[in-house]
Every structure is written in structure tokens, then in C-alpha cells.
Amino acid sequence: MIDTHCHVFKEYYDNIEEIINKVDVVIISGTNDKDNQEVINLCNKYPNVYGTLGIHPTEEISINSLKFIEENLSNKKIVGIGEIGLDYYWNKNKEEQIDKFIKQLDLALKYNKPVVIHSREATNDTYEILKNYPSLKKDIHCFSGSLEMAKNYIKINSYLGIGGVLTFKNSKLKEVIKEIDLKYLLLETDSPFLTPEPYRGKQNEPYNIIYVANKIAEVKNISLDDVLKQTSLNAKDLFDIIW
Ligand code: NI
């Protein structure tokens with residue numbers, strides 16, 4: 001079991017060791033300077049923790065932020081850049097966000113690292129920008145768009161990160177997932193956020209990918225084991241994880 005996207009930081013949890021050991025591997029994503037430092041610390045401390053470094057569209061970026069990310073890309077446990085992207089819901093300054101996004105995509109291209117993408121109410125701009133980076137491998141984190149959008153993303157070298165939203169009662173994502181080959185899907189929790197049913201409303205943790213995996217198995221009418229096996233292969237392939 002690999003949770004490909006979470007924010008398991010001290011500010012949210014006092015039992016980090018316990019929760020990360022309930023799964024095989026966790027990939028912790030930074031969103032700002034402070035998180036990025038903690039990602040490095042956690043990667044160094046725990047064998048089953050991998051990380052990505054990035055500045056989220058709603059967070060401050062400086063020359064030093066980019067320098068820190070770049071300097072740490074040689075760390076074998078830093079497996080990508082993210083989470084980065086566009087968020088027109090929380091941040092109305094589009095130009096500033098696009099600039100920040102492109103700077104980090106360019107960095108990923110320079111070092112040939114996969115990117116973890118956050119996109120909220122910014123689908124068209126996100127897609128138009130990512131189209132310019134066809135060779136970059138992408139994790140469309142918390143994907144919840146249409147079937148057409150899913151196919152478009154897959155065409156430009158993306159995997160779709162599927163989390164708790166899939167388990168929500170009125171989620172339209174189920175119909176989309178039914179039509180998408182398992183080889184493009186990743187399991188994620190986005191812990192501590194977006195807790196799947198039946199624990200919606202409580203704090204999320206990496207182990208809860210099991211509920212997401214179960215829902216995928218149900219929707220696609222395949223076994224849970226097949227879902228866990230294939231999504232783990234996908235994660236290892238995308239992030240180049242040896243485990
Ligand atoms: Ni996230």
C-alpha cells in the first residue's frame with residue numbers, strides 16, 4: 001500500500017511514526033518553505049517515507065524557496081516536485097500563480113522529476129500550461145474532473161491521483177473511474193484532509209487509502225488485491241521508488 005500524496009506533518013499529528021507504519025510507503029508533499037524542510041527531515045528519519053518539494057499556489061515563494069528545492073533534488077528520497085499548480089478558488093492573483101507554477105515546472109524539466117499538480121477552479125489554465133511539458137511525468141493530485149479531462153491529462157503523460165472524494169455519496173468521479181484503465185490511477189489520501197467514507201469528517205491518515213481502493217474495486221468490478229497491486233506499480237513507476 002502506497003499513499004502517494006499526504007501532508008503528514010507535526011502540526012497535524014503527534015503519532016506520525018504509528019500512522020506511517022500502517023502502510024508500506026508514504027509520499028509526503030511539501031507546500032511551503034517550512035513543510036519542505038520537514039519533508040526532508042521525515043525522509044531522513046523514516047525508511048518508508050519519500051517526499052516531494054514544492055510551493056503550493058496559495059503559498060509564498062522566494063528565490064530561496066526555489067534554491068532549497070533545487071539543492072535537495074539530489075536526495076534519493078525526494079521523488080518529485082509538488083505540490084504545485086493553480087488555485088483560483090483561494091488565490092485570485094492569476095499572474096503571480098502562473099509565474100510560480102512555471103518556474104517550478106521548469107525546474108522539474110531541468111532535473112527530469114515528476115510533478116504533483118494541484119488544480120482548483122483552474123482546469124483550463126492548468127491543462128494549457130501542462131501541455132507545454134509533454135515529457136514531464138505528472139500526478140494530477142485529487143483528480144475530480146470529467147472523463148474528457150481525464151483522457152486529456154492521460155494523453156500528456158499523467159496519472160490521476162484518486163482520494164477520498166471517490167467515496168463520497170454523490171461523487172460523479174465513480175462514472176469517470178469506471179472508464180479509465182487502472183494503469184493510470186494512483187491512490188492518495190491528502191491527509192489530514194479529505195477523509196474517505198465511512199470516516200468523512202474525522203482526521204485522515206495514510207491507511208485510509210484502503211477505502212479508496214475498495215471503492216475503485218467496486219466501481220470497476222475487480223478485486224481489491226488487483227487495485228492495490230497495480231496502483232503500487234504505478235506509483236513506483238511514476239516516482240521511481242525502489243521498495
Ligand atoms: Ni495536498
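The values are calculated or read from the model by the stated rules, or taken from the named source; none is laboratory data. Everything numeric in this text was worked out from a predicted model, so none of it was measured. Backbone-built Cβ (ideal geometry, glycine too); neighbour counts: all protein chains shown. Ligands, DNA and RNA are excluded from the accessible area calculation, which covers all protein heavy atoms including side chains. Shrake-Rupley method; radii C 1.70, N 1.55, O 1.52, S 1.80 Å.
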Each residue of the stretch 22-30 in order: what ³J(HN,Hα) in whole Hz does its phi give by Karplus 6.51 cos²θ - 1.76 cosθ + 1.60, θ = phi - 60°, with x for Gly and Pro? 7, 10, 6, 9, 10, 10, 9, 9, x
How would 193, 239 rank on accessible area, largest to smallest, probe 1.4 Å? 193, 239
Kindly report, to the nearest 10 Å², the accessible surface of residue 119 as traced by a 1.4 Å probe over protein heavy atoms only. 50
GluC sites (Glu not before Pro) in the stretch 58-162 lying in a DSSP loop, each with at most 16 other Cβ atoms within 10 Å of its Cβ, come to 60, 121
Here the equivalent ellipsoid of the stretch 99-243, derived from its Cα gyration tensor, has semi-axes (largest first, whole Å) of 25, 16, 15
Per residue, how much space in cubic angstrom lies within the convex hull of the C-alpha atoms of the stretch 2-239? 114
Dipole axis of the stretch 73-149 (+1 Lys, Arg; -1 Asp, Glu on Cβ), positive-most option in 101, 79, 146: 79
Listed by chain and number, the residues whose amide H is under 5 Å from that of residue 191, excluding neighbours fewer than 5 places away on the same chain and using placed H, are 7
Report for the chain the percent antiparallel among DSSP-assigned beta bridges with both residues inside it, nearest 5. 0
Report, in whole Å, the centroid distance computed from the Cα atoms of the stretch 1-69 and the stretch 176-204. 18
Computed magnitude of the charge dipole of the stretch 2-239 (debye, nearest 20; Cβ of K, R +1, Cβ of D, E -1): 540
